[in-house]
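Reviewing the structure listed below.
The values are calculated or read from the model by the stated rules, or taken from the named source; none is laboratory data. For clarity, every value in this text was computed on a predicted model and none was experimentally measured. Glycine gets a Cβ as well: all are built from the backbone with ideal geometry, and neighbour counts include every protein chain shown.
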Amino acid sequence: MTADLFSDFQQDHFALFGLPRRFALDGAALDTLWRSAAAQVHPDRFASAGDAEKRIALMAATRVNEAYQTLKSPLARARYLLRLAGIDTAEETNTSMPPAFLMAQMEWREAIEDARHGHDVDALERLSRQLRLDVRAMEDELGEALDEQHDHASAALLVRKLRFLEKLDQEIGDAIEALLF
Amino acid sequence: MALLQITEPGLSAAPHQHRLAVGIDLGTTNSLVATVKSGAATVLPDEHGRSLLPSVVRYRDDGRTIVGFEAQAEQSRDPNNTIVSVKRFMGRGLADIQDVGRSPYRFVDAPGMVQLVTRAGHKSPVEVSADILKNLRERAEASLGGELIGAVITVPAYFDDAQRQATKDAARLAGLNVLRLLNEPTAAAIAYGLDNGAEGTYVVYDLGGGTFDVSVLALTRGVFEVLATSGDSSLGGDDFDHRIYCWILEQAGLHGLSAHDTRLLLTRAREAKEALTEHADTRITAVLADGQTIDLQLSQTTFHAISKTLIDKTLLPVRKALRDARIGAGDVKGVVMVGGATRMPQVQKAVGDFFGRPPLTNLDPDKVVALGAAIQANVLAGNKGDDEWLLLDVIPLSLGLETMGGLTEKIIPRNSTIPIARAQEFTTFKDGQTALSVHILQGERELVSDCRSLAKFVLRGIPPMVAGAARIRVTFQVDADGLLAVTAREMISGVEASIEVKPSYGLSDDEITRMLSDSIAHVADDINARKLREAMVDADSLLDALDVALASDADLLDDAERAALDEAMQALRDAIAAESTKDINACSHRLNQASEPFAARRMDRNIQRALTGKNIETL
């Protein structure tokens, strides 16, 4: 029975939405595709159906949401593309980074620390905006590496770097919340 | 855009009798029940024409339980046995309740959730809430002239898993079939959006009696997508009453009041708050038990000054939600005000100032949540509405696990669209380790002690291996009610352990069944007849749904599969004709199993139909 259960769901996330397997992605198009898929399978559509259909709908809606959330986030999308290519991004184990990047990280941390101690929410918001610009620039590089140069090693390094930036963004968010709450 | 057409999988092919379904707003201060009648959502009033039911339950010395206005009127006389604002205690342990001293109740700490000591015995907040829900169910059944097929119950968006589960338990205890738990701001957005044809990014600011929620939603044609939600599950209109109460104590130099006097002055405080919504000042008078007379004048200006910090406190979650949604206050097209407490002019002004635009107050803030819930209930019950829409909601708080060193590892981040599942692999850290304990947490903080503990369970029977060799996959699944189920599986041996996240605080199914049988109201209802009717209704809708499915997608089955399905359907029809609850349930179960592959293939086909021909180039 499970053999043909979601035969089409064995596809990768890109194939599920009929999108080409690449980093560059039209976010608005993905949103539209997700909404139309979600509309078909959302458990609300099966609230008065039998248990079997309810169960299947929950699985299918979960699957569609997982695919969407993976593709929506550039970092998750890049990590997923690399995984499909058989590359482990080794974010937990491989922590060696270029010295310049590490230096920049320390400067970021100090700036966040200063703003936190100064109870300066506006400064933290500014840092957050600046960081998001940096993230965007790095995502462009990631697109180059994955779609144009097909350079998996560089892409994996960029994923690790972006993971660092994501953590910084989280720290800024936590600091803002700690000051506000 | 023809591909966007939505099939109606649960709907019957034959014209069906309107299925009675209601939306219930189970509020801290007031509760309401609403339904859709002739296409329009409407609140069902009581026999005196009153829409609101005060969420007050009194356990009287004659053994009767009374709910609503009558109980509210008697609360000063019998404060210990008259439970108000019980919603604040749902799914909470004694340690969670910040204002134990402020309540006139005696609490006992029970596993996971407090209980209140009343003359009717120890009452769990679930039972007290069930008494409120039962009253609303009876009101609805009397008014609609039939049994309800189900109800949508609203919960604050910021309710955690424990509070949601407690609410669902209360509904089941009240004899309600829960079609869905729906977040209050989302319910309000449905009522507002469908009424106004709204498009764009909206914020729902929902300040109720005891809870505050804020949700950021993207409204596009037919889709209500929650982008982010935040709030404070112990902040509401009650706190404004309490500020006035404290002011009275200070002005009159009172301290060490009895439960009776406390309740009396809290009532006067609430009345003063309501008066100040329309008047520049108000007079507060009361005669205490010892004969002392209170006579004070409170102005709007003073009230605003003493309640300002409460309003500021609501703006913090607003900022957090905007940040999570990655938008600024200027991107918001409208702010919908929900909850009776948003009637206070100083609240409207603060929200207007924050967003730089006057908030939308054209819907009754007391009713909008119940109306939205009724609209959703109508659709979930299978009554076709004029519009089809899709609701995409999120979880309000991150879900995670305890890892080494008392730290939390987040598995599902807050504001993830539900339903959602995430798996994480863990391994053993000792040679020969045969068990692994899993501690499930909810919250944003890094330390386990700062998060809410939802459940603990142990995966046993892992075959002894060297440290680090076992691969234990822990899967979190959050359903469309926002409720979590967790499974852990050792991938090499296949040993599995799973848990519905409730035993550490909720009621077990057995307990609910026992409470149901204990309940006098239900004995009178005749449990057996009710069970038969429920089984028949469920079986009928299962058969109807399959008939519709076969009419459109029978080609997905080969002859043998079709024959097996037909046989199982006939068996169920025979069981219905024989009116045997046991056989109906057994045959329904068998039919459900037999139709699972068919359901899966249809689901595939539906997705493919929706997406075929749609790719980046054609959009």
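Key figures
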item: Residues located in the stretch B:237-277, provided they are in a loop (DSSP other than H, G, I, E, B) and either in the same structural domain as B:Pro79 (by TED's automatic domain parsing) or over 21 Å from B:Tyr205 (Cβ atoms) (or both); result: B:Gly253, B:Leu254, B:His255, B:Gly256, B:Leu257, B:Ser258
item: Qualifying positions in the stretch B:292-313 - in contact with a strand residue (DSSP E or B) (Cβ under 8 Å, 6 or more places away or on another chain) and either assigned to a helix (DSSP H, G or I) or crowded, with 19+ Cβ neighbours inside 10 Å (or both); result: B:Leu298, B:Gln300, B:Lys313
item: Test for A:Glu139: is it acidic (Asp, Glu), surrounded by 11 or more Cβ atoms within 10 Å (Cβ to Cβ) and either within 14 Å of another protein chain (Cβ to nearest Cβ) or in contact (Cβ under 8 Å) with a residue 60 or more places away in the chain (or both); result: yes
item: Some residue of the stretch B:149-168 being within 14 Å of chain A (Cβ to nearest Cβ), surrounded by fewer than 24 Cβ atoms within 10 Å (Cβ to Cβ) and touching a helix residue (DSSP H, G or I) at 6+ places or on another chain (Cβ under 9 Å); result: yes
item: Residues of the stretch B:451-461 classified as outside any strand (DSSP E or B) and modelled with pLDDT under 85, total; result: 2
item: Number of the exception - B:Ser307 against (1) hydroxyl-bearing (Ser, Thr, Tyr); (2) within 14 Å of chain A (Cβ to nearest Cβ); (3) touching a residue at least 60 places away in the same chain (Cβ under 8 Å); result: (2)
item: Every residue from the stretch B:332-371 that is in contact with an Asp or Glu (Cβ under 9 Å, 6 or more places away or on another chain) and on the phi > 0 side of the Ramachandran plot; result: B:Gly339
item: Failed item in (1) within 14 Å of chain A (Cβ to nearest Cβ); (2) touching a residue at least 12 places away in the same chain (Cβ under 8 Å), with B:Gln442 passing the rest; result: (1)
item: Single match in B:Ala377, B:Ala350, B:Ala373 (criterion: outside any loop (DSSP other than H, G, I, E, B) and away from chain A (no Cβ under 14 Å)); result: B:Ala350
item: Neighbours by Cβ (under 6 Å, 6+ apart or cross-chain): first from the stretch B:357-369, among the basic types (Lys, Arg); second outside any loop (DSSP other than H, G, I, E, B) and exposed (fewer than 15 other Cβ atoms within 10 Å of the Cβ); result: none
item: Test result for B:Asp555, more than 19 Å from A:Glu53 (Cα to Cα), out of contact with any Leu (no Cβ under 6 Å at 6 or more places or on another chain), modelled with pLDDT of 90 or more and more than 10 Å from chain A (Cβ to nearest Cβ); result: no
item: Hey, B:Leu288 surrounded by fewer than 19 Cβ atoms within 10 Å (Cβ to Cβ) and either within 14 Å of chain A (Cβ to nearest Cβ) or touching a Phe, Trp or Tyr at 6+ places or on another chain (Cβ under 6 Å) (or both) or not; result: no
item: Conditions (1) in a helix (DSSP H, G or I); (2) at pLDDT 95 or above; number of the one not met by B:Ala151; result: (1)
item: Residues within the stretch B:593-612 that are facing another protein chain (nearest Cβ under 7 Å), within 13 Å of B:Leu546 (Cβ to Cβ) and aliphatic (A, V, I, L, M), tallied; result: 1
item: Considering residues of the stretch B:98-126 that are among the β-branched types (Val, Ile, Thr) and within 19 Å of B:Leu26 (Cβ to Cβ) only, the residue surrounded by the most Cβ atoms within 10 Å (Cβ to Cβ); result: B:Val126
item: All positions within the stretch B:27-86 that are among the polar types (S, T, N, Q), outside any loop (DSSP other than H, G, I, E, B) and under 25 Å from B:Ile375 (Cβ atoms); result: B:Asn30, B:Ser31, B:Thr35, B:Thr42
item: Filtered residues of the stretch B:338-361 (kept if polar (S, T, N, Q) and either modelled with pLDDT under 95 or over 28 Å from the mean Cα position of the chain (by Cα) (or both)); result: B:Gln346, B:Thr361
item: All positions within the stretch B:559-613 that are under 24 Å from A:Phe14 (Cβ atoms) and either part of a helix (DSSP H, G or I) or in contact with a strand residue (DSSP E or B) (Cβ under 8 Å, 6 or more places away or on another chain) (or both); result: B:Ala600, B:Arg601, B:Arg602, B:Met603, B:Asp604, B:Arg605, B:Asn606, B:Ile607, B:Gln608, B:Arg609, B:Ala610, B:Leu611
item: Filter result for the condition that a residue is under 13 Å from B:Val204 (Cα atoms) and assigned to a helix (DSSP H, G or I), over B:Leu322, B:Leu316; result: B:Leu322
item: Pick from the stretch B:451-466, criterion in contact with a Gly (Cβ under 7 Å, 6 or more places away or on another chain) and closer than 29 Å to A:Thr70 by Cβ, ranking: nearest to the other protein chains (Cβ to nearest Cβ); result: B:Cys451
item: Identity of the residue in the stretch A:24-63, facing chain B (nearest Cβ under 7 Å) and of a type in the set (Asp, Glu), that ends up farthest from the chain's Cα centre (by Cα); result: A:Asp51
item: Exclusive hit being touching a residue at least 24 places away in the same chain (Cβ under 8 Å), under 19 Å from B:Arg609 (Cβ atoms) and of a type in the set (Lys, Arg), set A:Arg63, A:Arg45, A:Arg22; result: A:Arg63
item: Filter result for the condition that a residue is closer than 30 Å to B:Val152 by Cβ and touching an Asp or Glu at 6+ places or on another chain (Cβ under 9 Å), over B:Val466, B:Val478, B:Val438; result: B:Val478
item: Candidate set: the stretch B:467-493, residues that are assigned to a loop (DSSP other than H, G, I, E, B) and over 14 Å from B:Phe426 (Cα atoms); chosen: the one nearest to the other protein chains (Cβ to nearest Cβ); result: B:Ala480
item: Residues located in the stretch B:400-439, provided they are among the aliphatic types (A, V, I, L, M) and within 12 Å of chain A (Cβ to nearest Cβ); result: B:Ile412, B:Ile418, B:Ile420, B:Ala421, B:Ala423
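To keep it simple, each residue is scored yes or no on (1) closer than 23 Å to B:Thr29 by Cα; (2) over 27 Å from the mean Cα position of the chain (by Cα).
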{"residue": "B:Ala191", "(1), (2)": "yes, no"}
{"residue": "B:Asp195", "(1), (2)": "no, no"}
{"residue": "B:Glu199", "(1), (2)": "no, no"}
{"residue": "B:Val214", "(1), (2)": "yes, no"}
{"residue": "B:Gly231", "(1), (2)": "yes, no"}
{"residue": "B:Cys246", "(1), (2)": "yes, yes"}
{"residue": "B:His260", "(1), (2)": "yes, yes"}
{"residue": "B:Arg270", "(1), (2)": "yes, no"}
{"residue": "B:Ala275", "(1), (2)": "yes, yes"}
